[in-house]
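Notes follow once the structure below has been shown.
Laboratory data are not the source of any read-out in this text; all were calculated from the coordinates shown. Since the structure is predicted, the reported quantities are computational estimates derived from the model, not experimental observations. Reconstructed Cβ throughout: ideal geometry from the backbone, glycine too, with neighbour counts over all protein chains shown.
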Amino acid sequence: MEISVNKEIIRLINTIETPAIVYDADIIKYFINKLRQDTLNIPNLEICFAVKANRNPLVLKVMREANLGADIASIEELNVAIEAGLFPIYCTSPGFSHEQIENIYNHSIIFDFDNLSQLKNWLFKSSLKNRKIGLRIRPYLDKKYTDDITVGEKSRFGINPASEELHEIIKNNNLLVEQLHVHIGEKKNSLVFKELLNYIETIINTFDNFKDIKKINLGGGYDHLYANASEVRNSWDAVEEFSENISRRLNRDIKIIIEPGSLLTNASGFLYSEVKASDELSPECQRIILDSSAFNLLSWAKPKILLSTSKSAEKIIHKIYGPTCFEYDYFFSPALNKLGIDDRILMHPVGAYVSGINRNLHGLQNPKEYLLISNKLMDYEVTYERK
């Protein structure tokens with residue numbers, strides 16, 4: 001989806017200390033409101049932000065003010081979600097220890113167990129009397145839908161819901177399975193999404209141990225859908241029908257949870273960087289070194305250049321690198337107006353899976369992060385008024 005760039009974002013390229021990342025609160029709110037409007041007809045829907053996408057406290061404050069919950073996958077994410085006031089909180093992770101799971105339950109959160117050994121270890125060591133659990137299940141979809149998504153035996157996550165051992169554990173320990181949690185990475189289109197919903201409906205109808213379900217968590221991965229308006233409409237219509245079918249089947253209202261991450265924040269992020277070296281490789285090509293590192297920051301993100309401060313009218317190819325001593329600290333090779341030392345560039349989008357999953361080669365500091373809200377630039381403690 002196309003977004004308009006705030007003029008203040010453009011103006012900052014000349015004044016902000018680099019490297020820096022600015023998140024535009026209005027863009028985050030736009031996507032939250034868009035998602036809410038699109039899902040308006042789905043009864044008992046909860047939107048929970050996937051905190052792994054962006055842990056910045058100011059971004060999480062925007063989520064709290066929009067009354068979003070949180071999806072967390074570590075104790076560190078739990079702590080920042082609680083500090084931000086996000087509620088409700090849902091949690092699954094394959095590596096949580098017994099002690100960490102106890103911590104989750106002590107915060108009145110039902111844990112969604114990812115694997116059988118994790119569940120068995122918790123049952124063996126737990127002192128809790130609570131026997132309400134959630135399960136992250138591994139969906140097995142028709143092969144015609146699964147060439148480019150991670151499901152079934154291709155996935156290392158989740159429990160096979162048809163596992164005899166699982167159902168014996170549930171029965172022998174008097175467990176109540178109140179939550180089902182599924183992920184399939186990016187939902188490529190509405191047909192894949194519908195296949196997933198059909199699969200969940202089938203296992204609920206098949207296994208008596210899933211008759212106590214109160215919540216079904218459909219995970220995240222909605223960016224691809226939102227590239228096509230009809231796919232969005234078809235997908236949420238399918239979820240509405242699914243919710244009604246399950247509620248009718250179990251004779252109670254079922255809560256549906258979705259966990260968008262990058263959909264809400266990716267387009268909000270802008271990276272400002274300054275040229276520290278500019279050398280001619282040929283008359284048509286320049287090598288540029290920036291003060292921000294692609295290797296450290298862009299494991300997942302693939303931003304593009306929005307603009308630069310170059311005053312040159314000459315347009316040439318630029319091979320753009322980061323400042324580290326790693327040979328492949330490389331951004332891209334765009335054709336731009338010729339850049340020189342102290343020129344600046346603005347890259348977008350970098351609002352998800354950037355600062356939160358950065359590397360630390362040479363101990364380089366992360367870009368300073370700000371939130372732009374009502375044309376005021378904020379960091380954790382300070383509001384910077386426009387001069």
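For the range 207-214, the Karplus equation 6.51 cos²θ - 1.76 cosθ + 1.60, evaluated at θ = phi - 60°, returns couplings of 10, 4, 5, 9, 7, 9, 4, 10 Hz by residue, with Gly and Pro reported as x.
Applying a DSSP loop filter and a limit of 13 other Cβ atoms within 10 Å to the trypsin sites (Lys or Arg not before Pro) in the range 282-365 leaves LYS311. Here the chain is scanned for GluC sites (Glu not before Pro) in DSSP loops (not H, G, I, E, B) that have at most 12 other Cβ atoms within 10 Å, and the longest stretch holding none of them is 18-283.
Among ASP114, ASP208, which comes first, then next, by fewest other beta-carbon atoms within 10 Å?
On the way: ASP114 24, ASP208 10.
Result, fewest neighbours first: ASP208, ASP114.
Straight-line cross-link partners of LYS311 among the lysines, defined as a Cα under 28 Å from its Cα and at least 8 positions apart when in the same chain: LYS7, LYS276, LYS302, LYS319, LYS338, LYS368, LYS376, LYS387. Near the amide H of PHE113, within less than 5 Å, lie the amide hydrogens of GLY134, LEU135, ARG136, all on another chain or at least 5 residues away, with H placed in the peptide plane. Extending 7 Å from Cα along the Cβ direction at HIS224 and again at LYS125 yields two label points whose distance is 3.7 nm.
Among PHE113, PHE124, rank each residue by its count of other Cβ atoms within 10 Å, from fewest to most, as a rough exposure measure.
On the way: PHE113 31, PHE124 8.
Least to most surrounded, the residues fall as PHE124, PHE113.
Structural size metrics of the chain, computed from C-alpha coordinates, are Rg and Dmax of 23.3, 75 Å.
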